[in-house]
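Okay, so here's the structure we're looking at.
The values are calculated or read from the model by the stated rules, or taken from the named source; none is laboratory data. Since this is a predicted model, take the numbers as computed values, not measurements. Because the Cβ atoms are built from the backbone with ideal geometry, glycine has one as well, and the counts that use them run over all protein chains shown. Surface accessibility is based on the protein's heavy atoms, side chains included, excluding ligands, DNA and RNA. Shrake-Rupley method; radii C 1.70, N 1.55, O 1.52, S 1.80 Å.
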4 protein chains.
Amino acid sequence: MNITVWNENVHEQSIPRVTEIYPGGLHAVLADIVKDEAQGGQVRTATLDQPECGLTEEVLKDTDLLLWWGHCAHGSVPDEIVDRVYKRVLQGMGLIVLHSGHESKIFQKLMGTTCRLRWRDETYERIHCCMPSHPIAQGIPEHFEIGVEECYSEFFDVPEPDELVFLGWFDIGEVFRAGCTWRRGYGKIFYFQPGHETNQSFHNPYVQQIIRNACRWAAPTASRDELWSAHIDPTLEDVRKGVVQPEDKK
Amino acid sequence: MNITVWNENVHEQSIPRVTEIYPGGLHAVLADIVKDEAQGGQVRTATLDQPECGLTEEVLKDTDLLLWWGHCAHGSVPDEIVDRVYKRVLQGMGLIVLHSGHESKIFQKLMGTTCRLRWRDETYERIHCCMPSHPIAQGIPEHFEIGVEECYSEFFDVPEPDELVFLGWFDIGEVFRAGCTWRRGYGKIFYFQPGHETNQSFHNPYVQQIIRNACRWAAPTASRDELWSAHIDPTLEDVRKGVVQPEDKK
Amino acid sequence: MNITVWNENVHEQSIPRVTEIYPGGLHAVLADIVKDEAQGGQVRTATLDQPECGLTEEVLKDTDLLLWWGHCAHGSVPDEIVDRVYKRVLQGMGLIVLHSGHESKIFQKLMGTTCRLRWRDETYERIHCCMPSHPIAQGIPEHFEIGVEECYSEFFDVPEPDELVFLGWFDIGEVFRAGCTWRRGYGKIFYFQPGHETNQSFHNPYVQQIIRNACRWAAPTASRDELWSAHIDPTLEDVRKGVVQPEDKK
Amino acid sequence: MNITVWNENVHEQSIPRVTEIYPGGLHAVLADIVKDEAQGGQVRTATLDQPECGLTEEVLKDTDLLLWWGHCAHGSVPDEIVDRVYKRVLQGMGLIVLHSGHESKIFQKLMGTTCRLRWRDETYERIHCCMPSHPIAQGIPEHFEIGVEECYSEFFDVPEPDELVFLGWFDIGEVFRAGCTWRRGYGKIFYFQPGHETNQSFHNPYVQQIIRNACRWAAPTASRDELWSAHIDPTLEDVRKGVVQPEDKK
């Protein structure tokens, strides 16, 4: 499995604290977290400042799982690149969207909603697991402490998750559906809320474990090239007459 | 629509504060809250100390919607009565389970799980709405203050809700899926967490509105008598030949 | 409640059989089916050939529920109009998408998928209900005969429905999730498969009943203007100090 | 992982055709199908005629995944054994229920519904996949031919599946949610419809693949012993003071 970690990589250029906490940038740290999940495959990073955002047709075609971190520069990702990622997800590529990636164009496009929420900086967060049997929760306790994080709170304008795995509690009276899954086409999507650029969440062992578990869960188990409607031919009657084989055996 | 409010009515006999807060008992107060939802029908109350728990075949047959509050005497409800209520839900009767009713035999039987949770007395609760388009959330703000309540927290061992409408935030670091819906057979079920016998939640106007909304949502829109498998006869071929009418037109 | 019926109205101009079956066009027939659901409100029609497709800001602002029928001219609906409808759904407007509307831009945008399927003309369809307690199934038998319809079959590339109400059976060996609901933002969406322009489905009393039920189900119960993220202010601590009121009471 | 295959093993004693088609009984054939999924663990069989139905406390404690086939003797499984299996599922054991197991006591107890359906013998079935990205669908085509099977049709009285993976089409005008998943407690459950004792379905390579995929999907990823509510202690405040560790670290 080939994994690509996409990071906007903008805060890293202007806020020293970001690279102090996450040396080499968030993409470098995330790539390190997931490096063993590729299981012999490649772990790449890609950033906004690269040609085609580092997400050329070639790179995406060769990517089975994409991680996405973005925040202040969502609008700078060209629609053409967004469409390209969108098609790959529908074809089967897994997608893990982290923290402020909730308002990225690609997440909004896949959700079909605004993905808006309510937010405030520098609060205290605890994560609770409300679906302990989910593979993404493997090895994660009933609840654990994130510590200082940016508060994200409801109403989180996303379609009802296929699976709600984690809930976030914030000391200022707020709560959030912090870990959610959806399927789109042949692709699996996981959104996870902790991960502000000036907080320590990606150094939390449980957060790291969740991201690694999500890599395994979102790994493609099927894929397709075609994304359009098809005429039914042959019919079952034709198949039963033995004259032709069903489409899937062609 | 005929509504029956069932209350264990046990704390009322031994803890003066309960009837100070809820004069006449929780059943009297709940019956008053929903009295306009029957729209010309009857609103009854039934309690554990009555013959057959007040839930005779006759009463249940004549009940379209049942509210359930119980706590310390779940085990005193005979299995025969539980089975009776169970069948009525599967036939189409709506069911609203309140607060500590989460560990009632009837709720456990309909859920197919333990319905266990984590709990602690005398905490502060705020309710958030995470599905504002749901009819049970009509007229309810994004979030509102419950104030002092018993804390219920995850992991709440219920099947994944068909719809998660409300989340509860508690000041001691806890969070709960506080308002959930499920369908069982032809019946609709709503569980709502606030409502401890020594707290004021049932006097909260938003809580009252939620319970009233839930009455409308859970009202039967279809019903059936039979609860067993049936042989398919006629087949579509028979129907198309015009010889017989489909089962549903008999 | 004001209802607007949108119809592409293209086949009506070139295929005489369409207006023979549906005099005045599909929009006229659909408007007649739902006319009692507005309950004192207005039932309008709008078509592709009108200025701004008949869906001006003014019309949409005044629309609580939109029905959508389109087929061969999906690409002719300007993106600007699609965005306008999209925002209204997220603000709370109900949307009922019929038959070949599955590949309309607006449905694809709200689903976040291709909405592709497999299809073939002139087959025989029967509809089964797999969620009889749903309000959209009220008054509908366990199954009923559509007769000749266009076959739509799986894989239907939509997000897993929030509720799967109807399944379609086709004599050529195919099956389809024929009646599905989703929520997007504050809006409720229902998709229903029967309704090919040269078949009789919209004259079927059960199909008509389903569409009318869907109008009631999708009617807005809440709405909003703002579609963007908001800073949390005041915090719960501020609220509890009594200094300020929560946002929702402002 | 240790797998136990439970079979009623009653038809095998009276209908010669059953053991002609499935030599050694259905349990033997099913055990052979899943033998490589234990990955070094044990694959056992257990039958109704054994002491305690072959499902002693010891056997169940040592079972990670249970397959269940039953039909005419559901009533002969003692409630005590059913409770034992029920608790193990809630503790994390996976459960795969096959064909006529839909009306077994254990499946009904976990579903909280009657699990009734409509049925007829000797029809022709085709299976369609409506969630190709699900791991249980890995390697399975869009649709495939079962051939002669017992028809099971809607309304199938189960809770709305967490995931609907397969749909069954039957030539007599019927359709069925043929492959469904649910979570209960810490356990994962998969129901699959084909598998009548006098038909060939368990010799179908795709059916075998689905059952094997289901073993991997339902394998426990978490488990628990306790099935009851717990007092919250310490609170977050206690934890943050550093005096105590959260419950999960004890």
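Descriptive notes on the structure:
- Here the contact order of the stretch B:97-250, divided by its residue count and restricted to Cα pairs under 8 Å and six or more residues apart, works out to 22 percent.
- Inter-copy label distances at B:Glu20 (7 Å, Cα→Cβ; nm, one decimal): 5.5, 8.1, 8.2
- Placing a label point 7 Å from the Cα of A:Cys72 along the Cα-to-Cβ direction, the distances to the matching points in the other copies come to 5.3, 5.9, 7.5 nm, shortest first.
- Rolling a 1.4 Å probe over the heavy atoms of the protein chains gives the stretch B:1-141 an accessible area of 35 Å² per residue.
- Rounded if a/c under 1.5, otherwise prolate or oblate - the stretch C:1-109, Cα gyration tensor axes: oblate
- Carbon and sulfur %, accessible surface of the protein assembly as shown computed with the full protein complex present, 1.4 Å: 47
- Each Lys and Arg contributes +1 and each Asp and Glu -1, all at the Cβ; summed about the Cα centre of the protein assembly as shown, the dipole is approximately 0 debye.
- Cβ nearest the rotation axis (A onto B), residue from chain A and distance to the nearest whole Å: A:Val175, 3
- For the stretch B:5-146, the relative contact order is 19 percent, taking Cα pairs closer than 8 Å that sit 6 or more residues apart in sequence and dividing their mean separation by the residue count.
- In Hz, Karplus ³J(HN,Hα) per residue of the stretch A:105-121 (6.51, -1.76, 1.60; θ = phi - 60°; x = Gly, Pro): 4, 5, 5, 4, 5, 6, 7, x, 9, 6, 6, 5, 7, 10, 9, 6, 7
- Where C meets D: accessible area buried, both sides, 1.4 Å probe, Å²: 2000
- An ellipsoid equivalent to chain D, defined through the eigenvalues of its Cα gyration tensor, has semi-axes of 34, 21, 17 Å when rounded to whole angstrom and sorted largest first.
- Tensor-based shape of the stretch C:62-170 (alpha-carbon gyration tensor, a/c under 1.5 rounded, otherwise prolate or oblate): oblate
- What separates the C:Lys35 label point from its copies, with the point 7 Å along Cα to Cβ, is 4.2, 7.1, 7.2 nm, written shortest first.
- Per residue of peptide C:218-226, the mean number of Cβ atoms on other chains within 10 Å of the residue Cβ is 4.
- Most fluctuating residue given options B:Val89, B:Val29, B:Val239, as computed from a GNM of chain B linking Cα atoms under 10 Å: B:Val239
- Chain A - charge dipole about Cα centre, Lys and Arg +1 at Cβ, Asp and Glu -1, debye rounded to 20: 640
- Whether the stretch B:122-172 is rounded, prolate or oblate, judged on the alpha carbon gyration tensor where a/c under 1.5 counts as rounded: oblate
- Flagged links, alpha-carbon separation over 25 Å, of C:Lys61/C:Lys188; D:Lys35/D:Lys61; B:Lys105/C:Lys188; A:Lys105/A:Lys188: B:Lys105/C:Lys188
- Listed residues A:Arg224, A:Arg212, A:Arg84, most fluctuating in chain A (Gaussian network, C-alpha, under 10 Å): A:Arg224
- Residue-by-residue Karplus 3J(HN,Hα) for the stretch C:59-69, coefficients 6.51, -1.76, 1.60, Hz, glycine and proline x: 4, 5, 4, 9, 10, 9, 8, 10, 9, 10, 10
- Considering helices alone, the calculated mean residue ellipticity of chain D at 222 nm is -6500 deg cm²/dmol, with DSSP H runs of length four and up weighted by -39500 (n - 2.57) and normalised per residue.
- Part-to-part distance (alpha-carbon centres) for the stretch C:217-239 and the stretch A:194-213, which is given in Å: 28
- Distance from the alpha carbon centroid of the stretch C:106-184 to that of the stretch A:98-162 works out to 32 angstrom.
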